[in-house]
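K.L.:
Quick one: structure below, then a few questions.
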Amino acid sequence: MLKVLGNPSKVLIPKNNGFIVRSKFVHDTDCEVKIKIGSISYNFKSWFLSGGTLIEDLKKDSILQYLKLRRSSSDIAIITELGGEVKAETTIYEMVYLLEGQGRGEEGILLNNGFANIFYVRDNAHILRSVFLIWDERGWFIDAHSIMDAHRGSCGCLVFSRV
């Protein structure tokens, strides 16, 4: 189902000293903004940005791998092939670190061609969700789904996970 991309297929994410999730997700398409966010879905807002302040603290550097979907697949099938939830799970901080490197849709690791970049992240209630980042001319579209939904990652999307 998954096909490892050519070199490089791994990316180093540096540690942080506390990261407030809400501070990075503001709908803003201004020319000067670091991450041009065109739209944030209701699901993402309610699962990750509402309620208490979610703070992520990555105490050591991490390495993520990214793999390309060879065919459309459900989240459960993808997570199973990756080796389970522990291996599939990433963090919002790791996702934002990559977004900041391509905040205006520049070339880089994240796809910027209309295909989704898929991350599996725990929300405010510690439930594993699939988070999709999709670039179009308006900016990044940020969406979230239950991994139990019938929603599928499409062929050509990138999936990020632990090494």
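Values in this text are rule-based calculations from the coordinates and carry no lab data. Since the model is a prediction, treat every value here as computed from it, not as a measurement. All Cβ positions, even for glycine, are placed from backbone atoms using ideal geometry, and neighbour counts span all protein chains on display.
K.L.:
What net charge do the residues around Ile147 carry, taking every other residue with its C-beta under 10 Å from that of Ile147, with Lys and Arg at +1 and Asp and Glu at -1?
P.N.:
Details: positive: Arg129; negative: Asp75, Glu85, Asp149.
Here the count lands on -2.
K.L.:
Could you compute the FRET efficiency for Arg138 and Glu85, with r as their C-beta to C-beta distance and R0 at 30 Å, rounded to 0.05?
P.N.:
Values: r = 32 Å, r/R0 = 1.08.
It comes to 0.40.
K.L.:
A further question follows. To the nearest 20 debye, what charge dipole does the chain have about its Cα centre, counting +1 at the Cβ of each Lys and Arg and -1 at the Cβ of each Asp and Glu?
P.N.:
Details: 20 positive and 19 negative charges, 80 e Å.
In total the dipole reaches around 380 debye.
K.L.:
Something else about it: I'd like the Karplus ³J(HN,Hα) series for the range 144-151: coefficients 6.51, -1.76, 1.60, θ = phi - 60°, whole numbers in Hz, and an x wherever there's a Gly or Pro.
P.N.:
9, 9, 5, 5, 8, 5, 6, 3
K.L.:
Take His126, His151, His145 and order them by how many other Cβ atoms sit within 10 Å, fewest up front. Show your work: numbers first, answer last.
P.N.:
Numbers: His126 6, His151 14, His145 20.
Fewest-to-most Cβ neighbours within 10 Å comes out as His126, His151, His145.
K.L.:
How much length, in nm to one decimal, is gained on full extension between Ile55 and Val163, taken as 0.36 nm per residue of separation minus their Cα-Cα distance?
P.N.:
Details: separation 108, 0.36 × 108 = 38.88 nm, distance 2.35 nm.
Length gained between Ile55 and Val163: 36.5 nm.
K.L.:
May I ask which residue of Asn112, Ile37, Leu128 lies farthest towards the positive end of the charge dipole of the chain, with charges of +1 (Lys, Arg) and -1 (Asp, Glu) on Cβ and the Cα centre as origin?
P.N.:
With unit charges placed on the Cβ atoms, the residue in question is Leu128.
K.L.:
Can you list the residues, at least 5 places off or on another chain, whose amide H is less than 5 Å from the amide H of Arg104, using H built in the peptide plane?
P.N.:
Close amide H contacts, sequence-distant or interchain: Lys36.
K.L.:
Taking H placed 1.01 Å from N in the peptide plane, check which residues at least 5 places from Arg71 or on another chain put their amide H under 5 Å from its amide H.
P.N.:
So Arg71 has HN proximity to Gly156.
K.L.:
Where both residues lie in the range 2-162, what percent of DSSP beta bridges are antiparallel, nearest 5? Present the calculation step by step, with values, prior to reporting the outcome.
P.N.:
Details: 31 of 38 bridges.
For the range 2-162, the DSSP antiparallel bridge percentage is about 80.
K.L.:
With θ set to phi - 60°, apply the Karplus curve 6.51 cos²θ - 1.76 cosθ + 1.60 along the range 109-121 and write out the HN-Hα couplings as whole Hz, x wherever there is a Gly or Pro.
P.N.:
Each residue's phi maps through the Karplus curve to give 5, 5, 5, 10, 10, x, 7, 7, 9, 10, 10, 10, 9 Hz.
K.L.:
Under Stokes-Einstein, with the Kirkwood radius over Cα pairs standing in for Rh, what whole-number D in µm²/s applies to the range 13-107 at 25 °C and 0.890 mPa s? It would help to have the intermediate numbers written out before the result.
P.N.:
Numbers: Rh = 15.3 Å.
Once the numbers are plugged in, D ends up at 160 µm²/s.
K.L.:
Taking the Cα atoms of the range 2-162, report the difference between the largest and smallest coordinate on each principal axis, in whole Å and largest first.
P.N.:
Computed over the Cα atoms, the extents are 36, 32, 32 Å.
K.L.:
Can I ask one more? Could you list Glu56, Glu106 in order of exposure, starting from the residue whose Cβ has the fewest other Cβ atoms within 10 Å? Walk me through the numbers on the way to the answer.
P.N.:
Working: Glu56 16, Glu106 10.
Lowest count first: Glu106, Glu56.
K.L.:
How far is it, in nm, from the label point at Ala150 to the one at Arg70 when both lie 7 Å from their Cα along the line to the Cβ?
P.N.:
For Ala150 paired with Arg70, the spin-label model returns 2.6 nm.
K.L.:
Let me ask something else about it. Applying the Karplus parametrisation 6.51 cos²θ - 1.76 cosθ + 1.60 with θ = phi - 60° to the phi angles of the range 96-104, what ³J(HN,Hα) value in whole Hz is obtained for each residue in order, glycine and proline being reported as x?
P.N.:
5, 4, 5, 4, 4, x, 9, x, 10
K.L.:
With charges only on Cβ, +1 for K and R and -1 for D and E, what is the dipole size of the range 81-163 about its Cα centre, in debye, rounded to 20?
P.N.:
On the way: 7 positive and 12 negative charges, 31 e Å.
Dipole magnitude for the range 81-163 comes out near 140 debye.
K.L.:
Moving on. Using only alpha carbon pairs under 8 Å that are at least six residues apart, calculate the relative contact order of the chain and give it in whole percent. The partial results should precede the final answer.
P.N.:
Working: 352 pairs, mean separation 51.3, N = 163.
About 31 percent, as a whole number.
K.L.:
Next question, about the same structure. If R₀ is 30 angstrom, what is the calculated FRET efficiency for the pair Ser39 and Ala77, using the beta carbon separation as r and rounding to 0.05? Walk me through the intermediate numbers first.
P.N.:
Working: r = 27 Å, r/R0 = 0.90.
According to the calculation, E is roughly 0.65.
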